[in-house]
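I have placed the structure first, in the form of structure tokens, so that the comments after it can refer back to it.
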Ligand code: HEC
């Protein structure tokens, strides 16, 4: 009886997490078509605002995609961007890389 209850609670938690994750994925999908036309402009604006605090703005085309990945892994956590802005910024940089 007890074990069953615990399982039910755990299953409930997992369901809640699954729901949250799929909700987020849906949200991203829903935003994707809208983000395409303005995405690069927004990405650029995000970069100008967040990446010039400590050094000059490095342009996306200064590095290849493969070079950007490890740099972004170090640099993006230094910014105080929202998770959505981070994704947009990363998309913008990788799309416009060398
Ligand atoms: C809190 C300060 C800070 C912020 C914010 C920051 N950077 Fe940096 N960045 C540094 C420092 C310090 C270095 C040099 C040392 C190093 O590489 O860790 C650097 C180096 C770089 C380099 C040189 C390449 C390399 O391998 O060192 C690039 C490109 C770069 N940053 C891009 C970015 C981008 C894009 C953003 C915005 C997402 C950003 N940085 C935000 C501090 C920052």
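For this structure, a couple of remarks:
- Compared with the alpha-carbon gap, the fully stretched path from residue 55 to residue 41 is longer by 2.9 nm at 0.36 nm per residue.
- For the pair residue 96 and residue 64, label points projected 7 Å from Cα toward Cβ lie 2.1 nm apart.
- Per-residue Cβ neighbour rank within 10 angstrom, fewest leading, 80, 64: 80, 64
The numbers here are math on the coordinates, done by the rules we state, and not lab data. Remember, it's a predicted structure, so these values are computed and weren't measured experimentally. Here the Cβ is made from the backbone with ideal geometry for all residues, glycine too, and neighbour counts use every protein chain on show.
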